1. Return the tail of the calculated pair distribution for the stretch 6-89, meaning the percent of Cα-Cα pairs more than 23 Å apart.
2. Using all C-alpha to C-alpha distances in the stretch 124-182, build P(r) with 10 Å bins and read off the rounded percent in each one.
3. Along Cα→Cβ, 7 Å out, is where each label goes; now give me the distance between the ones at residue 58 and residue 15 in nm to one decimal.
4. Can you sort 153, 122 so the residue with the fewest Cβ neighbours within 10 Å comes first?
5. Take the Cβ-Cβ distance between residue 117 and residue 29 as r, set R0 to 35 Å, and report the resulting FRET efficiency rounded to the nearest 0.05.
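Bear in mind these aren't lab numbers, they're just calculated from the coordinates by the rules spelled out. Computed from a prediction, not measured in an experiment: that's the story for all the values here. Here the Cβ is made from the backbone with ideal geometry for all residues, glycine too, and neighbour counts use every protein chain on show.
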């Protein structure tokens, strides 16, 4: 089954095809939920944000600038919504390369258990970090956005993104001091 490009689905939706928007929701509901969860650390709030994001996207699809990836635009809305929830709840932290958890021995049960434990430790460490650190790490390493895309999502200069990411990685290394071989 061939998957239609985001741009095609957007044009179909703009022409009145509601199924095209449903396809976008199905495609991105999990990444949007995950983005919200990494910021909020609360499943119910993340679910509410995901619903709110898709309502906003449906209302504002005409504002989407096709010079950017739809995915980046959608993530910007998701992160902003999640940060708004944090601000309203009074839980926002003040403002201030890769995490490799997969191994080559995918079928080895002992290795799988070790990888699962490592992934849990990394996830726990990331959830204890500030909102800014979690957000920039999530966008880069879990959502695989480029520096430029992160800059667009967070409305920051690309150099600021690189600096924040470097600092967040340093703090993560500090939290995972005994796992230096796994955090690059």
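1. Working: 675 of 3486 pairs.
Roughly 19 percent, once rounded to a whole number.
2. 25, 53, 20, 2
3. 2.1 nm
4. On the way: 153 26, 122 21.
Going from least to most buried by this count: 122, 153.
5. Numbers: r = 29 Å, r/R0 = 0.82.
Once rounded, the FRET efficiency stands at 0.75.
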